[in-house]
Amino acid sequence: MRLILLGLPGVGKGTQAKILATRQGLLHISTGDMFREAAAAGTELGKRAQEFMSAGALVPDEVTIGMLLERIAQPDAAKGLMLDGFPRTIPQAEALDAALAKQGDQIDRVLYIQVPEAELVARLTGRWSCSNCGAIYHMQSKPPKAAGVCDECGGALSQRADDQPATVNARLDTNRAWTEALAEFYGKQGKLEAIDGTGSPDDITARLEGALANVS
Ligand code: AP5
């Protein structure tokens, strides 16, 4: 199965992708995580990506597409894909379709998670993540048991630099039109499924799994 989680920043793509990828035996690929890892490692790619991420802008397609296509060509991608944060533009979607078609594959379903924007700002500005294992928390809706410490691995929790209110608004502005264009793109292919992203994370997982029930 090859799936895409589509939606504006903060709708819960990362939270749900981790759960679904484990349950469905898929490889979870987050281009945001890949860029943050490259930035932390101080690579040229990471330094370049960081400039765009800090401004709430998209990393240019020529960088992003090459990185993603290289990743999905690795052997562990053969078990199936849970793409989180890619594609984000129509050229990215077209490049992905073309690369999969070359190996006789395709995207099976695009799950479009939708949440009112006012709630997204609160979700993002209250998010903390584990710098070791990547587990995601929220100060109100999913606080860790001990402040600043990951429940799962004991790692230190930190806030993303791009979760400051001004950058959050810039990210929403950047992504709004592209997200709608991608919904239209996959809607025309008959692959789009809209998912209500409000309610508890468990409710949303159940909705997503319900939408996958008839995907082979
Ligand atoms: P990326 O890391 O992909 O960020 P994003 O799309 O902005 O998405 P987020 O990770 O912020 O949110 P999410 O939907 O995963 O929500 P989460 O589950 O964490 O990208 C970062 C940057 O990298 C981009 O801005 C861009 O610069 C660059 N980039 C990445 N991919 C790119 C691409 N393809 N092309 C070009 N540039 C690219 O949840 C958010 C919070 O809400 C958490 O605190 C969580 O605990 C909480 N929460 C989750 N579910 C619920 C719920 N049901 N109720 C209440 N709270 C909830």
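The values are calculated or read from the model by the stated rules, or taken from the named source; none is laboratory data. Quantities reported herein were computed from a predicted structural model and do not represent experimental measurements. Cβ sites come from the backbone with ideal geometry, for glycine too, and all protein chains shown count toward neighbours. For the accessible areas, the whole protein counts, side chains as well, though only heavy atoms, and no ligand, DNA or RNA atoms are used. Shrake-Rupley method; radii C 1.70, N 1.55, O 1.52, S 1.80 Å.
Hey, could you check the stretch 66-97 for residues that are hydrophobic (A, V, I, L, M, F, W, C) and either within 6 Å of the ligand (Cβ to nearest atom) or surrounded by fewer than 20 Cβ atoms within 10 Å (Cβ to Cβ) (or both) and say which is nearest to Gln189 (Cα to Cα)?
Step one: of the stretch 66-97, the residues hydrophobic (A, V, I, L, M, F, W, C) are 67-69, 72-73, 77-78, 81-83, 86, 90, 93, 95-96.
Add one more test, that the residue is either within 6 Å of the ligand (Cβ to nearest atom) or surrounded by fewer than 20 Cβ atoms within 10 Å (Cβ to Cβ) (or both), and what stays is 67, 69, 73, 77-78, 86, 90, 95.
Details: Met67: 25, Leu69: 21, Ala73: 24, Ala77: 23, Ala78: 23, Phe86: 17, Ile90: 13, Ala95: 15 Å.
Of everything passing the filter in the stretch 66-97, Ile90 is nearest to Gln189 (Cα to Cα).
Within the bounds of the stretch 133-142, is there any residue that is hydroxyl-bearing (Ser, Thr, Tyr), within 11 Å of the ligand (Cβ to nearest atom) and surrounded by 15 or more Cβ atoms within 10 Å (Cβ to Cβ)?
Our first condition is that a residue be hydroxyl-bearing (Ser, Thr, Tyr); within the stretch 133-142, this holds for 137, 141.
Checking which are within 11 Å of the ligand (Cβ to nearest atom) leaves us with 137, 141.
Cutting the leftovers down to surrounded by 15 or more Cβ atoms within 10 Å (Cβ to Cβ) gives us 137.
Yes, the stretch 133-142 contains at least one residue that is hydroxyl-bearing (Ser, Thr, Tyr), within 11 Å of the ligand (Cβ to nearest atom) and surrounded by 15 or more Cβ atoms within 10 Å (Cβ to Cβ).
Which of the residues that make up the stretch 102-127 are in contact with a helix residue (DSSP H, G or I) (Cβ under 8 Å, 6 or more places away or on another chain), more than 11 Å from the ligand (Cβ to nearest atom) and part of a loop (DSSP other than H, G, I, E, B)?
Pass one, the stretch 102-127, residues in contact with a helix residue (DSSP H, G or I) (Cβ under 8 Å, 6 or more places away or on another chain): 106-107, 109-113, 115, 117, 120-121, 124-125, 127.
Still in the running and more than 11 Å from the ligand (Cβ to nearest atom): 106-107, 109-112, 117.
Passing the criteria: Gln106, Ile107.
For the stretch 134-158, how many residues meet the condition of being basic (Lys, Arg) and assigned to a loop (DSSP other than H, G, I, E, B)? Steps first, please.
Pass one, the stretch 134-158, residues basic (Lys, Arg): 142, 145.
Those still in the list that are assigned to a loop (DSSP other than H, G, I, E, B) too: 145.
Counting residues in the stretch 134-158 that are basic (Lys, Arg) and assigned to a loop (DSSP other than H, G, I, E, B) gives 1.
For the list (1) more than 21 Å from Lys191 (Cα to Cα); (2) open to solvent by less than 60 Å² (accessible area, probe 1.4 Å); (3) of a type outside the set (Asp, Glu); (4) out of contact with any helix residue (DSSP H, G or I) (no Cβ under 9 Å at 6 or more places or on another chain), I need the number of the one condition that Ala49 fails.
If we test Ala49 against (1) more than 21 Å from Lys191 (Cα to Cα); (2) open to solvent by less than 60 Å² (accessible area, probe 1.4 Å); (3) of a type outside the set (Asp, Glu); (4) out of contact with any helix residue (DSSP H, G or I) (no Cβ under 9 Å at 6 or more places or on another chain), just (4) comes out false.
Let me spell it out: the conditions are (1) open to solvent by less than 40 Å² (accessible area, probe 1.4 Å); (2) within 10 Å of the ligand (Cβ to nearest atom); (3) within 16 Å of the chain's Cα centre (by Cα), and Ala39 meets all of them except one. Which number is the exception?
The one condition Ala39 does not meet is (3).
Suppose we keep only residues that are open to solvent by less than 60 Å² (accessible area, probe 1.4 Å) and of a type in the set (Gly, Ala, Ser) within the stretch 173-205. Which one would you say is farthest from the ligand (Cβ to nearest atom)?
Gly187
Output the qualifying pairs, or none if there are none: Cβ atoms under 9 angstrom, residues six or more apart or on different chains, first residue in the stretch 122-148 and touching a residue at least 24 places away in the same chain (Cβ under 8 Å), second residue part of a strand (DSSP E or B) and of a type in the set (Val, Ile, Thr).
Listed pairs, sorted by first residue: Arg127/Ile136; Trp128/Ile136; Ser129/Ile136; Cys130/Ile136; Cys130/Val149; Lys142/Ile136.
Looking at Gly56, Gly12, can you tell me which residue is open to solvent by less than 10 Å² (accessible area, probe 1.4 Å), in contact with a Pro (Cβ under 9 Å, 6 or more places away or on another chain) and touching a residue at least 40 places away in the same chain (Cβ under 8 Å)? First the steps, then the outcome.
On the way: Gly12 fails: open to solvent by less than 10 Å² (accessible area, probe 1.4 Å).
Answer to the selection: Gly56.
Scan the stretch 157-169 for residues that are surrounded by fewer than 17 Cβ atoms within 10 Å (Cβ to Cβ) and over 16 Å from the mean Cα position of the chain (by Cα) and jot them down. I'd like the intermediate steps shown before the answer.
Kept after step one, since they are surrounded by fewer than 17 Cβ atoms within 10 Å (Cβ to Cβ), are these residues of the stretch 157-169: 158-161, 164-166, 169.
Passing the criteria: Ser158, Gln159, Ala161, Gln164, Pro165, Ala166, Asn169.
Report the residue count in the stretch 155-176 for those that are of a type in the set (Asp, Glu) and out of contact with any Lys or Arg (no Cβ under 7 Å at 6 or more places or on another chain). Steps first, answer last, please.
Taking the stretch 155-176 and keeping what is of a type in the set (Asp, Glu), we get 162-163, 173.
Retained after the next criterion (residues that are out of contact with any Lys or Arg (no Cβ under 7 Å at 6 or more places or on another chain)): 173.
Residues flagged as of a type in the set (Asp, Glu) and out of contact with any Lys or Arg (no Cβ under 7 Å at 6 or more places or on another chain) within the stretch 155-176 amount to 1.
Taking the stated definitions as given, is Leu58 assigned to a loop (DSSP other than H, G, I, E, B), closer than 22 Å to Leu124 by Cα and among the hydrophobic types (A, V, I, L, M, F, W, C)?
Values: assigned to a loop (DSSP other than H, G, I, E, B): yes; closer than 22 Å to Leu124 by Cα: yes; among the hydrophobic types (A, V, I, L, M, F, W, C): yes.
Spelling it out, Leu58 is indeed assigned to a loop (DSSP other than H, G, I, E, B), closer than 22 Å to Leu124 by Cα and among the hydrophobic types (A, V, I, L, M, F, W, C).
Sort through Ala95, Ala118 and tell me the only one that's at pLDDT 95 or above and either in contact with a Gly (Cβ under 7 Å, 6 or more places away or on another chain) or over 15 Å from Lys13 (Cα atoms) (or both). Walk me through how you get there before you give the answer.
Details: Ala118 fails: at pLDDT 95 or above.
Answer to the selection: Ala95.
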